[in-house]
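The values are calculated or read from the model by the stated rules, or taken from the named source; none is laboratory data. Source: prediction; values computed, not measured. In this analysis, Cβ positions are derived from the backbone assuming ideal geometry, glycine residues included, and neighbour counts consider all displayed protein chains.
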Amino acid sequence: MKKIIIFILLIIPLYSIKAQSFEKGDQVFNLGIGIGGAYNSGYSIMIPPISASFEYGLTNDLGIGNFGVGLYAGISSVKDNFETHFTPIVIGIRAAYHFYKTEKVDIYAGALLGFRMVESDNIGMSTYSAKSGIAWDTFVGARYYWTPSLTVMTELGYGISWLTVGIAYKL
């Protein structure tokens, strides 16, 4: 009996993989707000981490999933104890592998490579450790499709914030 229950529990998810939520040629625009992050830990937040990204589906059926590439931009603004303001801006290119897709759910993981710019009113006198330079990020994310085009999304990574929640729109 246990073997039958285990078999059913393993087979049921396979039947839910009908329509793909991210396929070759799809274009998805994400808009999110972040919680936490290396650029705002321990500082007073002036502008919470905000990010936007665009992804284009390059492949279908690459192994168990699909592959997409796109662009990313994120910004935040913080103030330290000395009233010095910092505005980190991250821009870059992203690649993501979508390994679990159903009609409603899209789970993916990927990486970002780009540039981090830090604007400040007094960068030389600050305790802020992150300066301008190469930016990289690894992330995992999920989208839940309310409609065929509109989703809620979340990503966990090291971009402009550690956790991003928001909406996404498939063009």
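Is region 122-132 home to any residue that is more than 17 Å from the chain's Cα centre (by Cα), surrounded by 15 or more Cβ atoms within 10 Å (Cβ to Cβ) and either touching a residue at least 24 places away in the same chain (Cβ under 8 Å) or not in a strand (DSSP E or B) (or both)? Yes, region 122-132 has at least one match.
Let me confirm something: among Ala96, Ala73, which residue is surrounded by fewer than 17 Cβ atoms within 10 Å (Cβ to Cβ) and at pLDDT 85 or above?
Working: Ala96 fails: surrounded by fewer than 17 Cβ atoms within 10 Å (Cβ to Cβ).
The unique qualifying residue is Ala73.
Comparison of Val140, Val90 shows that the only residue that is surrounded by fewer than 18 Cβ atoms within 10 Å (Cβ to Cβ) and either at pLDDT below 95 or touching an Asp or Glu at 6+ places or on another chain (Cβ under 8 Å) (or both) is Val140.
The C-beta contact set for region 99-111 (first residue aromatic (Phe, Trp, Tyr), second residue surrounded by 21 or more Cβ atoms within 10 Å (Cβ to Cβ) and at pLDDT 95 or above, distance under 7 angstrom, 6+ apart or interchain) comprises Phe99/Tyr108; Tyr108/Ala96; Tyr108/Gly141. Looking only at residues of region 154-171 that are closer than 23 Å to Glu103 by Cβ and surrounded by fewer than 21 Cβ atoms within 10 Å (Cβ to Cβ), we find that the one that is modelled with the lowest pLDDT is Leu171.
The set of residues from region 46-83 being of a type in the set (D, E, K, R) and within 23 Å of Val152 (Cα to Cα) comprises just one member, Glu55. Looking at (1) closer than 18 Å to Gly133 by Cβ; (2) at pLDDT below 95; (3) of a type in the set (A, V, I, L, M, F, W, C), which is the one condition that is false for Phe67? The one condition Phe67 does not meet is (1). The residues in region 77-87 that are in contact with an Asp or Glu (Cβ under 7 Å, 6 or more places away or on another chain) and either among the polar types (S, T, N, Q) or outside any strand (DSSP E or B) (or both) can be counted, and the count is 2. A Cβ distance below 9 Å, combined with a sequence gap of six or more or placement on separate chains, defines the contacts here; from region 55-73, residues that are over 13 Å from Phe22 (Cβ atoms) reach residues that are of a type outside the set (Asp, Glu) and part of a loop (DSSP other than H, G, I, E, B) in the pairs Tyr72/Gly159; Tyr72/Ile160; Ala73/Ile160.
If a residue must be modelled with pLDDT of 80 or more and loosely packed, with under 13 Cβ neighbours inside 10 Å, how many such residues does region 12-34 contain?
Here the count works out to 1.
When you check Glu55 against the structure, is it charged (D, E, K, R) and exposed (fewer than 14 other Cβ atoms within 10 Å of the Cβ), yes or no?
On the way: charged (D, E, K, R): yes; exposed (fewer than 14 other Cβ atoms within 10 Å of the Cβ): no.
Against the criterion (charged (D, E, K, R) and exposed (fewer than 14 other Cβ atoms within 10 Å of the Cβ)), Glu55 does not qualify.
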